[in-house]
1. In the stretch A:253-270, how many residues are at the interface with chain B (Cβ under 8 Å from one of its Cβ atoms) and either more than 22 Å from A:Lys220 (Cβ to Cβ) or open to solvent by less than 10 Å² (accessible area, probe 1.4 Å) (or both)?
2. Would you point out which residue out of B:Ser247, B:Ser207, B:Ser198 is out of contact with any Phe, Trp or Tyr (no Cβ under 7 Å at 6 or more places or on another chain) and away from chain A (no Cβ under 12 Å)?
3. For the structure I just gave you, tell me whether A:Tyr212 is within 14 Å of another protein chain (Cβ to nearest Cβ) and either open to solvent by 60 Å² or more (accessible area, probe 1.4 Å) or in contact with a Cys (Cβ under 9 Å, 6 or more places away or on another chain) (or both).
4. Limited to the stretch A:275-301, what total is found for residues that are surrounded by fewer than 19 Cβ atoms within 10 Å (Cβ to Cβ) and either in contact with a strand residue (DSSP E or B) (Cβ under 9 Å, 6 or more places away or on another chain) or more than 13 Å from chain B (Cβ to nearest Cβ) (or both)?
5. Count, please, the residues in the stretch A:353-385 that happen to be open to solvent by 30 Å² or more (accessible area, probe 1.4 Å), of a type outside the set (A, V, I, L, M) and not in a helix (DSSP H, G or I).
6. Looking at the stretch A:267-293, which of the residues that are hydroxyl-bearing (Ser, Thr, Tyr) and not in a strand (DSSP E or B) is farthest from A:Ser196 (Cα to Cα)?
7. Could you pull out the residue among A:Ser112, A:Ser121 that is without any contact (Cβ under 8 Å) to a residue 40 or more places away in the chain, assigned to a helix (DSSP H, G or I) and open to solvent by 10 Å² or more (accessible area, probe 1.4 Å)?
Protein chains: 2
Amino acid sequence: MKVVTVVAPVNIAVIKYWGKRDEELILPINDSISGTLSTDHMCAKTTIQASPLFQENRFWLNGKPQDFDNPRLNNCLKEVKRRAKPSCPILNWKLSICSENNFPTAAGLASSAAGYACLVSALAQLYEIDGDISSIARRGSGSACRSVYGGWVQWVKGESPTGEDSLAVQLAPASHWPEMRVIILVVSNETKKYSSTSGMKTSVETSQLLPYRAKEIVPKQVERMKRAIADKDFEAFARITMEDSNSFHAMCLDTFPPCVYMNDISHAIVDVVHTYNQLKSSNKVSYTFDAGPNACLYLLESEVEEFLSVINYVFPPRSGSIQDEYIKGSKVKQLPIQEELSRKFEFKVHKEGALKYIIYTKLGDGPKVLTDEKDHLLTQEGIPK
Amino acid sequence: MKVVTVVAPVNIAVIKYWGKRDEELILPINDSISGTLSTDHMCAKTTIQASPLFQENRFWLNGKPQDFDNPRLNNCLKEVKRRAKPSCPILNWKLSICSENNFPTAAGLASSAAGYACLVSALAQLYEIDGDISSIARRGSGSACRSVYGGWVQWVKGESPTGEDSLAVQLAPASHWPEMRVIILVVSNETKKYSSTSGMKTSVETSQLLPYRAKEIVPKQVERMKRAIADKDFEAFARITMEDSNSFHAMCLDTFPPCVYMNDISHAIVDVVHTYNQLKSSNKVSYTFDAGPNACLYLLESEVEEFLSVINYVFPPRSGSIQDEYIKGSKVKQLPIQEELSRKFEFKVHKEGALKYIIYTKLGDGPKVLTDEKDHLLTQEGIPK
């Protein structure tokens with residue numbers, strides 16, 4: 001019997017992946033760049049157990065049994081086994097896999113990225129394979145390849161039709177820009193209406209703008225973003241991040257039928273960020289939205305308390321909500337908004353509870369193997385604890 | 001003393017105008033196409049009175065006195081006078097101008113287009129000028145040039161830096177496609193947040209996608225649209241109309257900061273239209289959104305009753321609302337939704353009153369001179385009645 005447990009991080013793209021040139025191999029039409037979040041507050045966790053005694057492969061996700069016959073899972077498994085040494089003694093053992101996310105699944109919070117990065121990291125550990133595994137994680141979920149590394153990560157789209165050069169590279173570790181923070185404003189934890197997989201497929205088929213974005217706009221923005229990260233130039237970083245988020249959602253809208261991920265509250269958050277930046281006469285906060293209504297804000301630590309005071313003013317928490325439950329993640333001092341700011345801030349104050357909750361976190365490292373037995377999600381018999 | 005009263009129509013673009021190449025001359029970066037609505041239900045009305053006894057130029061809009069010193073108004077006035085015969089006896093008389101819209105101003109319902117088409121038509125009548133006046137109306141508000149003609153109208157962007165070839169041409173009169181109907185779903189009659197003038201200026205300055213739309217996408221869509229109108233091919237007409245509306249709002253979103261005109265209710269209408277078309281296995285209804293949240297639907301008369309039954313089902317009117325006030329414009333039979341349709345229609349039913357009201361109308365002719373004295377908006381003394 002052999003057992004491995006791994007935790008893997010979520011990543012939040014600042015240059016978005018949208019559109020595949022190969023559906024089967026999951027090859028993108030453009031490069032993308034993301035920050036990998038600390039696993040302290042948000043992560044996927046996967047235990048894989050292999051045993052000669054198991055009669056069948058089994059898979060649980062968030063406590064529910066899943067069909068093992070999932071093509072993405074099997075593509076990852078097949079590729080890891082292909083790279084294992086032929087002498088690996090457990091190649092024919094059956095597996096029990098148990099995976100969990102500690103954040104809402106399929107709410108546009110990149111749960112599949114963390115999940116597949118976790119699965120592939122655990123499989124790589126189990127079958128003792130070496131070398132880059134990001135191109136394997138990519139076969140599970142495109143953006144999963146970026147969660148294989150910590151810090152700032154670029155997914156290079158590659159040129160080869162077989163996809164071997166479509167992989168993630170680390171641009172800088174999290175420690176390169178230690179002041180960087182991330183605030184996630186959870187607008188809705190309902191399952192989203194359009195899956196990103198089918199949304200991007202329809203975009204590739206119908207958007208007349210998407211090929212131009214992929215070919216002409218993104219390559220320039222990727223170079224600018226790499227420079228902004230290397231130089232720790234927050235002003236430029238913030239501008240490019242917001243521009244690319246808007247450009248990505250413009251592609252979604254240009255799809256037929258359109259796929260609309262942002263809602264009125266999302267757009268109200270955009271307004272708050274622009275107004276705040278205008279008051280500060282520079283880009284102090286940047287937003288980015290994935291395929292869902294939640295806002296991910298990148299900002300420096302020095303700005304966190306004041307900006308949160310604005311968010312709590314414009315989007316008051318439901319009365320009676322407990323601070324530690326409403327603002328999850330790292331501890332943060334909650335200040336009332338400064339009078340001058342609220343006076344200048346000519347903004348509609350929203351109804352209580354427009355935001356479900358807030359996560360405050362920062363960048364972190366890639367997947368980690370957990371060796372303490374109590375961390376395993378499976379019993380000795382390969383059943384969820 | 002000389003007095004002229006004119007009514008002029010609203011037009012609803014099916015290929016949108018967005019972006020000027022010359023701010024002063026109001027020259028667009030791309031061609032646009034619109035349908036001119038009947039003046040029966042929505043119009044601007046303007047009375048202009050000239051008198052040697054008037055001491056000063058005066059101007060009222062919707063009952064409120066305005067500053068006559070408005071550059072757009074004066075550009076139009078100057079250009080009309082330039083084209084008048086030098087022998088015209090009233091060239092030096094002062095003017096009283098009174099203008100009214102019978103629909104919400106600045107709510108994204110193209111009030112300035114009808115208003116300037118009306119003003120310029122009345123001035124042309126007053127000073128007895130001949131020839132095309134669309135390029136003069138254009139100086140008041142770009143899309144006003146299209147309201148100078150009835151039916152289907154193309155605004156040709158032109159090439160000249162002086163703008164003399166940037167004018168409207170009629171593609172077909174309203175009678176060419178007599179079955180065509182228009183339903184306007186008024187989502188909000190609040191004044192919009194971003195004016196279209198400043199929105200399109202910011203788009204030109206910041207959107208990386210807009211030049212591509214103007215240069216590569218719109219010219220193809222214009223040709224397709226002209227063919228669809230000539231052939232009365234509703235399937236194609238509807239598809240191009242919806243694609244162009246989405247593409248235009250994608251440009252707005254790609255602007256920095258983004259200008260967002262559609263809201264959650266607008267997007268819910270888009271969903272209803274696509275679902276309805278899917279159930280019918282063809283494009284029976286098409287939507288288009290201007291710089292505001294209201295939906296303009298183009299559809300054939302044969303589809304009106306059934307589609308309205310769906311709209312009333314998904315967006316129930318506020319209880320107690322009077323049908324003739326809720327559905328303005330042409331008379332229409334209101335049917336309950338067919339059971340089969342409501343069963344297949346797996347749609348969230350919205351709260352009562354999500355739509356403020358509905359206008360049901362059709363295409364019509366260009367500006368009309370009214371000669372009955374009771375139609376004048378001004379007294380003999382040049383004061384609003």
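1. Going through the stretch A:253-270 one residue at a time, the tally reaches 9.
2. Values: B:Ser247 fails: away from chain A (no Cβ under 12 Å); B:Ser207 fails: away from chain A (no Cβ under 12 Å).
Just a single option satisfies the conditions, and that option is B:Ser198.
3. On the way: within 14 Å of another protein chain (Cβ to nearest Cβ): yes; either open to solvent by 60 Å² or more (accessible area, probe 1.4 Å) or in contact with a Cys (Cβ under 9 Å, 6 or more places away or on another chain) (or both): no.
Against the criterion (within 14 Å of another protein chain (Cβ to nearest Cβ) and either open to solvent by 60 Å² or more (accessible area, probe 1.4 Å) or in contact with a Cys (Cβ under 9 Å, 6 or more places away or on another chain) (or both)), A:Tyr212 does not qualify.
4. Initial filter on the stretch A:275-301 (surrounded by fewer than 19 Cβ atoms within 10 Å (Cβ to Cβ)): A:275, A:278-282, A:300-301.
The next check asks that each one be either in contact with a strand residue (DSSP E or B) (Cβ under 9 Å, 6 or more places away or on another chain) or more than 13 Å from chain B (Cβ to nearest Cβ) (or both); those that pass are A:279-282, A:300-301.
Of the residues in the stretch A:275-301, 6 are surrounded by fewer than 19 Cβ atoms within 10 Å (Cβ to Cβ) and either in contact with a strand residue (DSSP E or B) (Cβ under 9 Å, 6 or more places away or on another chain) or more than 13 Å from chain B (Cβ to nearest Cβ) (or both).
5. We begin by selecting, within the stretch A:353-385, every residue open to solvent by 30 Å² or more (accessible area, probe 1.4 Å); these are A:356-357, A:362, A:365, A:367-375, A:379-381, A:383-385.
Next, from what is left, pick out any that are of a type outside the set (A, V, I, L, M): A:356-357, A:362, A:365, A:367-368, A:371-375, A:379-381, A:384-385.
Cutting the leftovers down to not in a helix (DSSP H, G or I) gives us A:356-357, A:362, A:365, A:367-368, A:371-372, A:379-381, A:384-385.
So the count comes out to 13.
6. Residues of the stretch A:267-293 hydroxyl-bearing (Ser, Thr, Tyr): A:275-276, A:281-282, A:286-288.
Retained after the next criterion (residues that are not in a strand (DSSP E or B)): A:275-276, A:281-282.
Values: A:Thr275: 30, A:Tyr276: 30, A:Ser281: 35, A:Ser282: 33 Å.
My answer is A:Ser281.
7. Details: A:Ser121 fails: without any contact (Cβ under 8 Å) to a residue 40 or more places away in the chain.
Going through A:Ser112, A:Ser121 in turn, the sole match is A:Ser112.
Here's the yes/no breakdown for (1) part of a loop (DSSP other than H, G, I, E, B); (2) within 23 Å of the chain's Cα centre (by Cα); (3) in the same structural domain as A:Ser245 (by TED's automatic domain parsing):
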position: A:Glu306; (1), (2), (3): no, no, yes
position: A:Gly320; (1), (2), (3): yes, no, yes
position: A:Glu325; (1), (2), (3): no, yes, yes
position: A:Gln334; (1), (2), (3): yes, no, yes
position: A:Arg343; (1), (2), (3): no, no, yes
position: A:Lys348; (1), (2), (3): yes, no, yes
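The values are calculated or read from the model by the stated rules, or taken from the named source; none is laboratory data. Just so you know, these numbers come straight off a predicted model, no measurement behind them. Please note: Cβ atoms are built from the backbone with ideal geometry, for glycine as well, and neighbour counts cover all protein chains shown. The protein model used for the area step is the full one, side chains on, heavy atoms only, and it has no ligands, DNA or RNA in it. Shrake-Rupley method; radii C 1.70, N 1.55, O 1.52, S 1.80 Å.
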